[in-house]
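Nothing in this text is a laboratory measurement; each read-out follows from the coordinates by a stated rule. Quantities reported herein were computed from a predicted structural model and do not represent experimental measurements. Here the Cβ positions follow ideal geometry from the backbone for every residue, glycine too, while neighbour counts run over all protein chains shown.
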Amino acid sequence: MMKRIRRYLIAGLLVWLPLSVTYFLVKVVGGWMDQSIGLLPENLRPESWWGEPLPYFGVVLTIVLIFVTGVLKANIVGRKVVGGWESLLERIPFVRSIYSASKNFAEIVFSDSEVAFSKVLMVEYQRKGLYTLTFQTATEVGEIQARTGEDVIACFVPSTPNPTTGYIIMVPRQDVIELDMTVEEAIKFVMSLGVVVPRWNKEQTRELPLKMPTD
């Protein structure tokens, strides 16, 4: 009886917890973005011509501001302005490390590259017989590849439960196992401490010499 009650409680939590977290994050991020309305002069704010504040008008304004910033950065003048701003930030000791790390991670995640974070790999690490998930970040690693004398791949090993942190390892191409799961599924797997296992069609890999566990 207690096991059944516990199972029902867990099933209920699995429904409400993600909804609660999603609502909380949307409300917090949306509220934060809505503060951008303060950038407008008072005579241009919605309450001045609508009579009352428009909910989440600042969210739309933030999206427009991000888009306009992207357009400006794409031209020569914008690149010079952003370059000067980045140069200033990189001269401030404490801010420099935070800004550089955030910028590098954002460039990797939002890059249009067809290589970075395009595949989920599995490698034996930290010793033979132990496996870990990694994300392919680069296949051409220049000097590293030349000095090792092997065709190596740069792999990002995410930390649990925060996949935005981790470390880089260089693995010979023949030692990596490419998985069918998507990057999004792998991130969920890491964040859930291995509890949320991605669905997998076993029929697609009949050629594997592994004995699959029975359901």
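Quick check on region 134-207: take the gyration tensor over C-alpha atoms, sort the square-rooted eigenvalues as a ≥ b ≥ c, and tell me if it's rounded (a/c under 1.5), prolate or oblate. It is oblate, given that a/c is not under 1.5 and a/b is not larger than b/c. The label point for residue 91 and the one for residue 8, both projected 7 Å from the Cα toward the Cβ, are 6.7 nm apart. Compared with the alpha-carbon gap, the fully stretched path from residue 52 to residue 165 is longer by 36.4 nm at 0.36 nm per residue. Counting other Cβ atoms within 10 Å as a rough exposure proxy, the listed residues 16, 200 run 16, 200 from fewest neighbours to most. Put a dot 7 Å past the Cα of residue 67, heading toward its Cβ, do the same for residue 40, and the two dots end up 1.5 nm apart.
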